[in-house]
Every structure is written in C-alpha cells, then in structure tokens.
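Enquirer: Encoded as structure tokens, here's the structure I'll be asking about.
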Amino acid sequence: MGDSYQTILSIDENLRCAAGLRQVADDLLQKQCVKEIAQFRRDRLTLALAFLLPFITLVIFGFAIRLESKDIPLIVQDLNRTNLSSISLLIYQWYKLLEPLSTIS
C-alpha cells in the first residue's frame, strides 16, 4: 500500500510541476506578445505593410491569375478501344472538360 501511495504522490508532484511550467510558458508568451505589439505601435510603416501587403496581393492575384485551362490542343489516343473508353471520351467532350483536335484509334 505504501508503494501505490508513493506513486500517487509522484504523479501529483509531476502534475503540479507541469502546471507550473505551463504557467511560466504562458507568462513568457504573454510578455512576448506585449513586446511585439509595442514595437508595432512604434513602427507605423511595418504596421501598415503588415495589413496592406496581403490585401494588395490578394487583389492583384485575384484579377491576374486564372486557374482555368482553356483552348489547350489535345490529341487522344484510345489504346483500349472498348465501349467504356469511347463513352468516357464522349462524356469529357459533353461536359467540355476537354475537346480533342483528333482521336487516334
């Protein structure tokens, strides 16, 4: 019985130690955040860039980048030559996912 009591005490001590370490880590994180916010307040240019640059890049890339693929020349070679492969090619053409220039049988 004494042995299990010692085990419970050591678990309790470990939990208290972990809670103490957690409190120290939280305090350090809070102090670091306060320091960074104070530096942001002092440097207005960095603050403006931190908020404006992501917005500007979002606007530029939103209008400039199109991830659609259109009018890509394509030749399809049907090596399988089954009904399923022919039907799948027709389905792709029907939904305008691809439009082959020619089909090689």
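Every read-out reported here was derived from the displayed coordinates using simple, explicitly stated rules and does not represent laboratory data. If you're wondering where the values come from, they're calculated on a predicted model, not measured in any experiment. All Cβ positions, even for glycine, are placed from backbone atoms using ideal geometry, and neighbour counts span all protein chains on display.
Enquirer: Using only the Cα atoms of the stretch 23-90, what semi-axes does the equivalent ellipsoid have when each is the square root of 5 times a gyration tensor eigenvalue? Give whole Å, largest first.
Expert: One finds semi-axes of 56, 21, 7 Å for the stretch 23-90.
Enquirer: Sticking with this structure for a sec: Between Asp26 and Thr82, what is the label-to-label distance in nm when each label sits 7 Å out along the Cα-to-Cβ direction?
Expert: Reported label-point gap for Asp26 and Thr82 is 6.2 nm.
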